[in-house]
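Read-outs throughout are calculated quantities, based only on the coordinates presented, and are distinct from any laboratory measurement. As the structure is a computational prediction, the values presented were derived from the model and not from experiment. As a convention, Cβ positions derive from the backbone with ideal geometry for all residues, glycine included, and neighbour counts pool all protein chains shown.
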Amino acid sequence: MIRDLNFKERDNVFIIAELSANHNGSIEIAIKTIKAAKRAGADAIKLQTYTADTLTLDCNRADFVIKGGSIWDGQKYYDLYKQAYTPWEWHQKLFDIAKEEGLVCFSSPFDKGAVDLLEELDNPIYKIGGVIDWFQQLTFDRVSDALGPVKLTVTQVSAGKQHNAVPADVKLVIDVRVNDLYSNMEIEQILAQAPCDVKARSLRLGSSSIPMNHALVQAGIAEGRETYGSPTLSDQAALSCDSLKLGPGDSLRSHTANEFIYVNEIEEAIPLYISILKQTL
């Protein structure tokens, strides 16, 4: 996303110099690099805005230690990011220096707090690809036996209708299929950490489930029925109690334009329902 920059008037390449961690922990080196970028012909300078705490955990477990043949092997990711990050208190100074040099200064945020900081600095460019990557790489720890993991998909990207123009505003639609181990409010809190503003369309409809040891479930199993979790939406989404869906007919015909049920399927279901109710009540 780019704002207040007119590329239609340009007839050459827009060159972006990357600062990121190349300051080596020194604001003096950062300032010299910005000035060198200008002398080299760059049009913009890009920073990265994060902290070690927003990227990873300060943990000694193997998953949090670098390996794979790099010069940082054996070092914790946390320590590397702590060494490489650009202190937030530098940002105002670096933005000011870049402006004095005639460079566009912007940064890639890695969390919502970073976006808030950059908004105060009137950050003119956001890397939308990084925002989409954040959502696509997001994982949820709790995996349901019936519904599996929470499924999150970027389903729409809206960036205006103008041709050959960089959009000033980009909107994403994120589809989240919540399992029975998370509440909608918990998912909302997790997504609040995204490097962009997130607004829930609705929190009213949630996931429903019923314990495997529930009498209704056990009665159905005794009648030879199999259990499964459905990823599609039904009126059960409005319930806050245990719920079980047991319908006659072929489930594959459900939620289709020509959904139907045969009379004989209804006739076969009646004694099944009676038997399950007798076992349960």
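Okay, here's what the table says:
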{"read-out": "Residue-averaged [θ]222 nm for the chain, counting only DSSP H segments that reach four residues, each worth -39500 (n - 2.57)", "value": "-9500 deg cm²/dmol"}
{"read-out": "Segment 131-203: translational diffusion in µm²/s, Stokes-Einstein, Kirkwood Rh over Cα pairs, 20 °C, 1.002 mPa s", "value": "156"}
{"read-out": "Relative contact order, percent, the chain [alpha-carbon distance under 8 Å, six or more residues apart]", "value": "15"}
{"read-out": "Given the chain, longest segment not containing exposed loop chymotrypsin sites (Phe, Trp or Tyr not before Pro) (DSSP; at most 16 other Cβ within 10 Å)", "value": "73-227"}
{"read-out": "Size of electric dipole in the chain: Cβ of Lys, Arg +1 and of Asp, Glu -1, about Cα centre, debye, nearest 20", "value": "600"}
{"read-out": "Members of LYS67/LYS151; LYS161/LYS199; LYS127/LYS161; LYS245/LYS278; LYS76/LYS171 lying beyond 26 Å, as alpha-carbon distances in this model show", "value": "LYS67/LYS151; LYS76/LYS171"}
{"read-out": "Å³ per residue enclosed by the Cα convex hull of segment 8-60", "value": "114"}
{"read-out": "Residue order, fewest to most surrounding Cβ atoms within 10 angstrom, among CYS105, CYS196", "value": "CYS196, CYS105"}
{"read-out": "Two-site FRET efficiency, LYS199 against LYS151, from Cβ-Cβ distance with R₀ of 25 Å, rounded to 0.05", "value": "0.80"}
{"read-out": "Spacing of the two label points (7 Å from each Cα toward its C-beta) at GLU120 and GLN279, in nm", "value": "6.3"}
{"read-out": "For segment 75-150, fraction of C-alpha pairs farther apart than 15 Å, in %", "value": "68"}
{"read-out": "Among 199-208, 185-194, the order from most to least packed when residues are scored by Cβ within 10 Å on average", "value": "185-194, 199-208"}
{"read-out": "Calculated FRET value between LEU239 and ILE16, using beta carbons and R₀ = 51 Å, to 0.05", "value": "0.50"}
{"read-out": "Between segment 80-94 and segment 111-148, the Cα center-to-center distance that results, in Å", "value": "20"}
{"read-out": "Cα convex hull volume per residue for the chain (Å³)", "value": "196"}
{"read-out": "Mean separation of Cα contacts under 8 Å (6+ apart) over length of segment 4-134, as relative contact order %", "value": "27"}
